[in-house]
Each structure stands twice: as structure tokens, then as C-alpha cells.
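Working notes for the structure below.
The values are calculated or read from the model by the stated rules, or taken from the named source; none is laboratory data. Worth saying up front: this structure is predicted, and the values here are computed from it rather than measured. Note that each Cβ is placed from the backbone with ideal geometry, even for glycine, and that neighbours are counted across all protein chains shown. The protein model used for the area step is the full one, side chains on, heavy atoms only, and it has no ligands, DNA or RNA in it. Shrake-Rupley method; radii C 1.70, N 1.55, O 1.52, S 1.80 Å.
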Amino acid sequence: MSATAPAGAAPTAPALPPLMERMRAQPKLPLIVGAAAVVAAAAAFMLWSRAPDYKVLYTNVSDRDGGAIIASLTQMNVPYKFAEGGGAILIAGDKVPEVRLKLAAQGLPKGGGVGFELMDNQKFGTSQFAEQVNYQRGLEGELARSIESIATVESARVHLALPKPSLFVRDQKKPSASVVLSLHRGRSIDEGQVSAIVHMISSSVPELDAKSVTVVDQRGNLLSAANAGARGLDVSQLKYAQEIEQGYIRRIEAILQPIVGASNVRAQVAADIDFSVVERTDEKYSPNQDPRNAAVRSQQSSESSQHGATPPGGVPGALSNQPPTTPNAPITAPLPGIAATPPAAASTTTTATSTAPGAPSSLRKDTTTNYELDRSIRHVQQGAGAVKRLSVAVVVNNREGADGKAGARALAPAEIEQIRNLVKEAMGYSQERGDSLNVVNSAFAREGHDEAARDVPNWRDPENIELAKTVGQYLLLAALALFAWFAVLRPLLRKHLAPPAAPASAEPAQKAMAAGGDPDDAGSAQESARQREAERQKADLDYAHQTADSDPRLVATLIKHWMNP
């Protein structure tokens, strides 16, 4: 038996759940709950979809260093992983600087070698031999670390042969060194870097000559052969020669381009450079100068005189003891044109004899004068890098014809001569030096390719084809996006955002109540309608749960659309 309402009484509305009553009492509560649910869902989705950003901590570490690093990371509770192939250790990107500093404080990675830290903990009573060995090991390790700082070198090993010092010169030996380089995969080392390694090692070891350093790579190739001077030139000299040639080429093309055009001239220069260093000392003596103006180095004079009869002489007891009679010889002056004194030494002898009767007399005077000799000494040092000879070749394109077609008219002989004169001035032509110059006028072969390229239609132009490919890619992406919106996302949004339809079962109950039917039948109809509505809501809720479990991104997109209508 169901309770019946008194006749004439209005039908009462069914009792609502407490939550519905509270939501009807506070209209803003559903909005607040929905906003909180959306924020929580967005936060959970971001945390779930965001993976840790791993970055490289160390690469190409040895097995020993890798094990020590992993043990330290485990102690510090830092998650890590390996790159493909195990060539690198990866950790979270925001922790890389901090972890590197902590590992450096622990001395990791050690790099497979030791340096001068061997000398830090010396034991008491260590022999001199052990100290020498530790010093050599430390020096080799430090040199290896310095070489490994080069970008192309992955690892290096240095071997030093340090002879024992000796007090005897004959027993003294020079040190030598050997270096083994392991280069990074796909990289190579040039001669300049090899020369730098050789000079760095020779400068770090006393009395070590650069020629005594051998550099080998991991494949066994000798890298220091070119540095040993087999060709007689080093990298700096070759680079200097190339710079000289390029400088002349730029000067020649720069002076001809305003006349014939930027693309109508080509020049090549071959420079013969003298890299020999010459030192020369000259000592020259000047010719004889005027003795009156010359400087006197030394002067010597002697004078003797005799008065009276000449003392007897000769062999005693012979008639020859009597002196001969004094001859009468007049004193004559020197002939004109004969120099009074020679250039280096001048000697003057004057003899006077008196023939007066009864008064014999003799006078002798000698004078010797030495003059300074003029001497000129010149020391000349000629630096390396002088240009011995230049060979220049210039090719000039033909002029444009009357129809505007390039390369149709050859240059006149006067124009070619003008170009030759300009090139001579630009290169500093010297006939004494043996320079050579050749100027040729000819049509450039590349002009035919340009004409063929200009005759190609637009649809076959490679640039237009590449542009069309790029535009087609973007158009394809835009078409896929529009298809996904109109065919997938928009119908789903319309389905989930459509307002719920009014229950059709309520209309017959209302009509039956208006017609004066049985209230019990009307109440049962309403109860059945509420049950169907509850079942429908439950089915919708179950579908929403299944959709959220199977496709959470769709739910997040739907909530985002609700918040931003």
C-alpha cells in the first residue's frame, strides 16, 4: 500500500540528495570544485608527461673512472643513466655543475694518469732512485694532461728518456721523448698542432732538442716526420708564401674589376720566396789619398853629420888605406810627376857633402813617415721572406656584344696592353728580378652554363623546386591539422559539451496530473523517470571514467576548453 495524498493537494517534489541541496544553496560551489579539479588534473598531467632533462656529465671515461663516478653518484642519491653504447654518463641537467664540483673535490675523474700529486705524499726514507722515478712519472703525466687539452686529442701518453747526469763531457747524453696520441673518432691533427706538441715537450724538459721528440698516433703513423725538416719548410713558411700570393691576386683583381667587371677576370700568382737568412761582413780599403791630407800614424827621422878629413880605413899596410878623393856630384832636384812619399810609408834621405878645400864635411838625414790606411767594414744581415721571382697569369673575359650577349667580342690589342701595364704596376714588376707576366683574353666557359641555366623554365629551376617542396610540407601539416580538428576533435567536443535533454517521461506524468489521474500512478511514473535518469547519468559517468583512463589527453583538452570558452 502506498500512501495517498489528500484529494485536492498539490503533488510534492521528490526529495533531492544532500549534495544537490548544497549545490543549489551555493551556486558557485560547482564552479570552484570544477576549477580545482581542472588545476589538479593539469598539474598531474604536466608532472606525468614531463620527463627529467638528462645532460652529459662525463664522456669517454675509462672503466676505472666510470666505476668510481657511479659509486659516488649512488652515495649522493643522484639518478643517472648511460647514453647509447655507454659512451657517456647522463644525469639531471640542473645538477650537472654541482655534481662536477663534488666529484672534482674527490679527484674524479683521474683521467688514467697521474701528475705531480705523486710528490705530495712522500714516505720517509724514500731513496733517490724512487724520487727520480716519481718525478719522471709526474712530469710525463702533466705533459699528457696538457696534450689532452687539445680539442682533437682524446688521450695521450708521454714517455721520457732522461739520462743520468755525468761529470764527464764524453759521457753526457741528451734526453729524448716519445708521444702516443689517441685522436677523437672522425678527427685529424694537422702539422701545426704536431709542431706545437713537439715544441711544448722540448721546452718542458731541460736540454731536450725538438728533433729528439717523436709523435705517433693510435694507428702507428709517424706524425713528426714533417716536423723533422725533411722538406726544409715548416708550416709557417708555407702559410707566408700563400699569403703573399693571395695578396698579389687581390691587388690585381681589385684594379681590373672596375674595368672589365667583377666576374670577368681571374688571376693566379706563383711567388718564389727566399727563406734563407744571410749574414755578410765586408772590409774594404780606400785607394791612395793625398799625403798632405792623410793622417800620420808614425814618423821616424835620423840625421848624421861629419866635419873634417875622413878617417883612414881599409886593410892596414896597403895602399888602399888612403881614403879616396871626394867626388864632385851636384845635388839635383827630383823629377816632376814623381810622388814625394808613398801612400803607406814615406822615406826621405838627404845627403850633403862639402867640397871646399881644406874643410871636408858630410851631412846625412833620413826621414820615415807612416800614414793611416782607410778601411770600411759593413755587416749586413738579410732576413728571410724576400720575393725572388713572381710569375703572374691573368685571364680576361671578352666584352659584351652589340646584342648584350656576354663574351661575344674580344678585347682590342690596345686594351690588352693597358691591362698588362696595370698588372705590372700592381705586382711591382721587375725585369732584373726575372718576373714573368702573361695576359690572355678568352671567353669564359662558365658563360655557356649560365645561358643554359637562364633558358631553364621556372618549373624545372632547382630553387623553385626546393621552395615548392618546403611549401608543400607546410601545407600538408596544415591539412592534417584541419582534418584532425573537424573530423575528430570537434565532434568529440560537441558530444561531451552538449546540454542534457529534458526527460521525456516527466511530460506524461505532468499531463496525467493535469487531467486529474491517480496520484500514485503519477508518482510511480516520476520514480521510474528518475531511475532512468540516474541510470543514464551513471552510464555517462562510467563512460567518462573509461575515456579518462584510456585517453587522458582528451580529458585535459576538454577541461582546458571549459576553462577557456
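Can you pull out the residues in the stretch 256-278 that are over 21 Å from Gly434 (Cα atoms) and buried (at least 16 other Cβ atoms within 10 Å of the Cβ)?
Listed by number, the residues that qualify are Leu256, Val260, Asn264, Val265, Arg266.
Restricting to the stretch 87-114, name every residue that is in a helix (DSSP H, G or I) and either under 25 Å from Val158 (Cα atoms) or at pLDDT below 85 (or both).
In the first step, residues of the stretch 87-114 are kept if they are in a helix (DSSP H, G or I); the result is 93-105.
Across the stretch 87-114, the qualifying residues are Gly93, Asp94, Ala104, Ala105.
Show the residue pairs meeting these rules: Cβ distance below 7 Å; 6+ apart or different chains; first residue within the stretch 190-205 and farther than 14 Å from Val179 by Cα and open to solvent by less than 40 Å² (accessible area, probe 1.4 Å); second residue assigned to a helix (DSSP H, G or I) and not aromatic (Phe, Trp, Tyr).
Sorted first by the residue in the stretch 190-205, then by its partner, the pairs are Gly192/Val235.
Quick check on this structure: which one of Asn398, Asn421 is over 30 Å from Lys239 (Cβ atoms) and modelled with pLDDT of 90 or more?
None of the others qualify; the one that does is Asn421.
Just a yes or no: is a residue in the stretch 523-534 modelled with pLDDT under 75 and either outside any helix (DSSP H, G or I) or under 60 Å from the mean Cα position of the chain (by Cα) (or both)?
no
Per-residue answers, yes or no, for (1) of a type in the set (Lys, Arg); (2) in a loop (DSSP other than H, G, I, E, B); (3) at pLDDT 70 or above; (4) more than 23 Å from Ala151 (Cβ to Cβ):
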| residue | (1), (2), (3), (4) |
| --- | --- |
| Pro11 | no, yes, no, yes |
| Arg22 | yes, no, no, yes |
| Leu31 | no, no, no, yes |
| Ala36 | no, no, yes, yes |
| Val56 | no, no, yes, no |
| Arg64 | yes, no, yes, yes |
| Ser72 | no, no, yes, yes |
| Asn77 | no, yes, yes, yes |
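Sort out which residues of the stretch 151-185 are under 17 Å from Val133 (Cβ atoms) and either exposed (fewer than 11 other Cβ atoms within 10 Å of the Cβ) or among the β-branched types (Val, Ile, Thr) (or both), and write them in order of number.
Listed by number, the residues that qualify are Val158, Lys164, Pro165.
Tell me yes or no: at least one residue of the stretch 428-438 is farther than 20 Å from Gln268 by Cβ, modelled with pLDDT of 75 or more and loosely packed, with under 12 Cβ neighbours inside 10 Å.
Checked against the condition, which is being farther than 20 Å from Gln268 by Cβ, modelled with pLDDT of 75 or more and loosely packed, with under 12 Cβ neighbours inside 10 Å, the stretch 428-438 yields at least one hit.
Please list, ordered by residue number, the strands (runs of 3 or more DSSP E) wholly in the stretch 115-223 having 3 or more residues that are modelled with pLDDT under 85, more than 27 Å from Thr59 (Cα to Cα) and of a type in the set (Ser, Thr, Tyr).
Of the strands (runs of 3 or more DSSP E) lying wholly inside the stretch 115-223, none has at least 3 residues that are modelled with pLDDT under 85, more than 27 Å from Thr59 (Cα to Cα) and of a type in the set (Ser, Thr, Tyr).
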